[in-house]
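Q: The structure is given below, and queries will be raised subsequently.
The values are calculated or read from the model by the stated rules, or taken from the named source; none is laboratory data. If you're wondering where the values come from, they're calculated on a predicted model, not measured in any experiment. Cβ atoms come from the backbone with ideal geometry, glycine included; neighbour counts cover every protein chain shown.
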Amino acid sequence: MPTSTSDPASAKRFIVGDALDAGFDEARVLDARSVGPELAARLEAALDRGYHGDMDWLADTAARRGHPTALWPDVRSIIMLAMNYGPARNPLDGLAARENGLVSVYARGRDYHDVMKGRMKTLAHRVVSRFGGDIKVFVDTAPVMEKPLAALAGIGWQGKHTNLVSRRYGSWLFLGAIFTTLDLPADVAEGDHCGTCRRCLDICPTAAFPAPYALDARRCLAYWTVEAKGMIPREMRKPMGNRVFGCDDCLAVCPWNRFAQVTREAKLAGEEGPDASLRDLAGLDDAAFRKRYAGSSVKRIGRERFVRNVMIAVGNAGEARLMDKVEERLSDEAPQVRAAAVWAAEALLPAAEFARLRESRAGGETDPMVAAEWTS
């Protein structure tokens with residue numbers, strides 16, 4: 001049930017100070033009851049347009065996602081927490097190294113869910129022990145719209161690319177939310193500071209933004225390389241370049257990154273991606289994949305989808321010397337990997353050589369998805 005403290009301002013100071021001591025870079029509070037209907041309306045409009053692609057869980061949880069009290073009627077205050085994961089170098093630099101697989105910055109270190117949640121639970125326990133009340137902790141694991149809530153709490157604003165932007169940390173913040181029945185003083189919402197800039201919209205290699213502040217996941221490379229379970233459409237493959245997990249283009253180009261800082265959290269400061277050769281990644285079996293990406297966000301998509309992405313990157317590399325790895329993957333047990341390897345072979349080989357390869361291999365293919373690649 002809703003709870004009050006004798007000194008809400010003092011309680012908030014303690015909570016914020018404790019959060020910063022625990023390694024969070026921002027800790028702000030919003031009144032859950034002040035969240036207006038516009039958040040639910042924006043979500044509904046995006047779902048109506050099909051912008052969520054095959055992420056049916058967004059539609060399935062829309063009613064609870066639209067307002068914090070729909071998820072938990074007793075919530076009074078929301079403590080929004082942010083942890084900076086700023087990279088040491090511009091991730092766009094990795095696009096030029098076409099024989100290396102590029103992993104999105106957020107997935108180069110330890111899985112941020114693991115890094116943040118334990119600390120958030122410790123913080124929540126201290127809050128309850130000191131001030132009472134009930135509490136719930138969320139790190140991208142429940143129908144919570146973290147980005148708009150973080151904006152309402154004053155951590156940043158949602159830019160034209162729909163991601164959160166901070167004047168102190170640019171584009172590089174992980175978010176978590178602690179719902180509480182305590183009544184705490186709210187911070188002031190952050191205004192929009194994008195101005196006339198549209199760099200994030202213009203750099204997108206697949207034109208995934210139908211309008212400013214609107215993202216169509218069906219055209220987003222982060223969606224296709226991370227969320228999508230089926231074969232990646234042909235029109236998305238060339239734009240992928242050497243991206244094998246996620247895409248940072250719209251984040252990295254933001255001018256507010258000039259104020260960004262390198263993360264102080266060692267567990268988030270991994271450099272996997274720019275230094276990972278496609279040759280090595282193409283050779284990963286399931287055990288090697290699990291070992292390499294243990295504790296990383298990459299692991300959650302599984303070896304099949306990851307090596308599918310690697311094969312497309314191999315095709316885009318344009319290096320015929322990688323053809324031996326492609327031939328190995330043409331016999332892979334995973335249909336998606338074989339299908340992507342067919343595409344890579346066609347990209348790397350002269351037309352006559354690919355025709356001979358197709359004649360020798362296509363007839364024995366029984367999976368419809370892979371057979372379609374041979375004949376397309």
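Q: Kindly evaluate Ala347 against the criterion of being of a type in the set (A, V, I, L, M), touching a Lys or Arg at 6+ places or on another chain (Cβ under 9 Å) and surrounded by 19 or more Cβ atoms within 10 Å (Cβ to Cβ).
A: no
Q: Looking only at the stretch 156-169, count how many residues are under 16 Å from the mean Cα position of the chain (by Cα) and either part of a strand (DSSP E or B) or small (Gly, Ala, Ser) (or both). Step through it out loud before you land on a result.
A: In the first step, residues of the stretch 156-169 are kept if they are under 16 Å from the mean Cα position of the chain (by Cα); the result is 158-159, 161-165.
Within this subset, residues satisfying the condition of being either part of a strand (DSSP E or B) or small (Gly, Ala, Ser) (or both) are 158-159, 164-165.
Selection size over the stretch 156-169: 4.
Q: What number goes with the only condition from (1) in a loop (DSSP other than H, G, I, E, B); (2) crowded, with 23+ Cβ neighbours inside 10 Å; (3) modelled with pLDDT of 95 or more that Gly273 does not pass?
A: (3)
Q: Applying the selection to the stretch 115-144, what residues are assigned to a loop (DSSP other than H, G, I, E, B) and surrounded by fewer than 20 Cβ atoms within 10 Å (Cβ to Cβ)? Steps first, please.
A: Narrowing the stretch 115-144 to residues assigned to a loop (DSSP other than H, G, I, E, B): 132-134, 139-144.
Within the stretch 115-144, Gly132, Asp134, Asp140, Thr141, Ala142, Pro143 meet the criteria.
Q: What number goes with the only condition from (1) touching a residue at least 60 places away in the same chain (Cβ under 8 Å); (2) assigned to a loop (DSSP other than H, G, I, E, B) that Glu333 does not pass?
A: Tallying (1) touching a residue at least 60 places away in the same chain (Cβ under 8 Å); (2) assigned to a loop (DSSP other than H, G, I, E, B), Glu333 fails exactly one: (1).
Q: Farther than 30 Å from His113 by Cα, modelled with pLDDT of 95 or more and assigned to a helix (DSSP H, G or I), is that true of Leu357?
A: The answer is yes for Leu357.
Q: Could you list all residues from the stretch 310-324 that are surrounded by 20 or more Cβ atoms within 10 Å (Cβ to Cβ) and over 28 Å from the mean Cα position of the chain (by Cα)?
A: The one that is surrounded by 20 or more Cβ atoms within 10 Å (Cβ to Cβ) and over 28 Å from the mean Cα position of the chain (by Cα): Leu322.
Q: I'd like the full set of residues that are among the aliphatic types (A, V, I, L, M) and more than 16 Å from Met80 (Cβ to Cβ), limited to the stretch 12-44.
A: Answer for the stretch 12-44, where residues must be among the aliphatic types (A, V, I, L, M) and more than 16 Å from Met80 (Cβ to Cβ): Ala40, Ala41, Leu43.
Q: Then there is this: If Ile301 passes every condition in (1) at pLDDT below 95; (2) surrounded by 14 or more Cβ atoms within 10 Å (Cβ to Cβ) but one, which one does it miss?
A: Among (1) at pLDDT below 95; (2) surrounded by 14 or more Cβ atoms within 10 Å (Cβ to Cβ), the lone unmet condition for Ile301 is (1).
Q: In the stretch 360-376, which residue that is assigned to a helix (DSSP H, G or I) and crowded, with 19+ Cβ neighbours inside 10 Å is farthest from the chain's Cα centre (by Cα)?
A: Selected residue: Trp374.
Q: Let me ask you something else. Looking only at the stretch 192-230, which residues are modelled with pLDDT under 95 and surrounded by 20 or more Cβ atoms within 10 Å (Cβ to Cβ)?
A: The one that is modelled with pLDDT under 95 and surrounded by 20 or more Cβ atoms within 10 Å (Cβ to Cβ): Ala228.
Q: Mind listing whichever residues of the stretch 132-172 are farther than 21 Å from Lys12 by Cβ and hydroxyl-bearing (Ser, Thr, Tyr)?
A: Thr141, Thr162, Tyr169, Ser171
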